[in-house]
Amino acid sequence: GDDSNGQTILNELREDGIDTSLVLTYPGVPSPFTYVIVDEAAKTRTCIHTPCPKEMGANDVADDMFRRDAGIRWVHSDARQPAAACRLAELAKEAGVTISLDAEKDREGLPELLALADVLFTNSRYPKQFAPSSSPSSSPNAPVDSSFLHGMRHLSAKCPTRRLVCSTLGERGAVMLM
């Protein structure tokens, strides 16, 4: 969006040395944002997301984005705008640009993005939904159980060009498959 939130986001990215010349803004459209509420006592996190009211489409992604000598080396997506995210990932793949994906739950377009991702990040819950119900339990001292690892391997297989799959485990750190 072109609102004050959008301007703040762009200014902070620029201050961090990030080129924002390819960022799309829509006049009169508010920027999406997320409030993150952390309860230290309960060890919980709640995210309240306010989405962009305008859905980006595949046509919003410039076909020559990666031919502009923009120095793009990495593209990251969370699949919230599936048509645009898939088109961006396809163009990035053609240009040899690394694609990372944040997958926390099933979303429209996620299977297509998984097939293009080189690097996959997940939360601690997402891989578990791919584990067989009869997975044996691991030692209680193990950082993750075998069903979790099975789920990570399943996700890894859905990313044929993947370099790694990393799942965050909160205060227990993270686990990564390469």
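With the requirement that a residue be among the polar types (S, T, N, Q), free of Cβ contacts under 8 Å to residues at least 40 places away in the same chain and assigned to a loop (DSSP other than H, G, I, E, B), what does the stretch 15-41 give you? Within the stretch 15-41, 20, 25, 31 meet the criteria. Between 55, 12, the distinction of being open to solvent by 70 Å² or more (accessible area, probe 1.4 Å), among the charged types (D, E, K, R) and closer than 30 Å to residue 169 by Cβ belongs to 12 only.
Residue 47 satisfies every condition listed in (1) surrounded by 11 or more Cβ atoms within 10 Å (Cβ to Cβ); (2) in a strand (DSSP E or B); (3) not polar (S, T, N, Q) except (1). From the list 38, 75, 23, the lone residue that is more than 15 Å from the chain's Cα centre (by Cα) and at pLDDT 90 or above is 38. For first residues located in the stretch 53-70 and under 26 Å from residue 3 (Cα atoms) and at pLDDT below 85, partners that are open to solvent by less than 100 Å² (accessible area, probe 1.4 Å) and part of a helix (DSSP H, G or I) and lie 6+ apart or on another chain with Cβ distances below 9 Å form the pairs 65/88; 65/91; 65/92; 65/95. Counting only residues that are modelled with pLDDT of 85 or more and either assigned to a loop (DSSP other than H, G, I, E, B) or within 25 Å of residue 44 (Cα to Cα) (or both), the stretch 150-172 holds 7 of them. Please go through the stretch 101-127 and pick out each residue that is closer than 23 Å to residue 171 by Cα and either acidic (Asp, Glu) or surrounded by fewer than 18 Cβ atoms within 10 Å (Cβ to Cβ) (or both). Matches in the stretch 101-127: 102, 104, 105, 123, 124, 125.
The values are calculated or read from the model by the stated rules, or taken from the named source; none is laboratory data. From a predicted model like this one, the values you see are computed outputs, not experimental measurements. Virtual Cβ from ideal backbone geometry, glycine too; neighbours counted across all protein chains shown. Heads up: the accessible areas ignore ligands, DNA and RNA and are worked out on the full protein's heavy atoms, side chains in. Shrake-Rupley method; radii C 1.70, N 1.55, O 1.52, S 1.80 Å.
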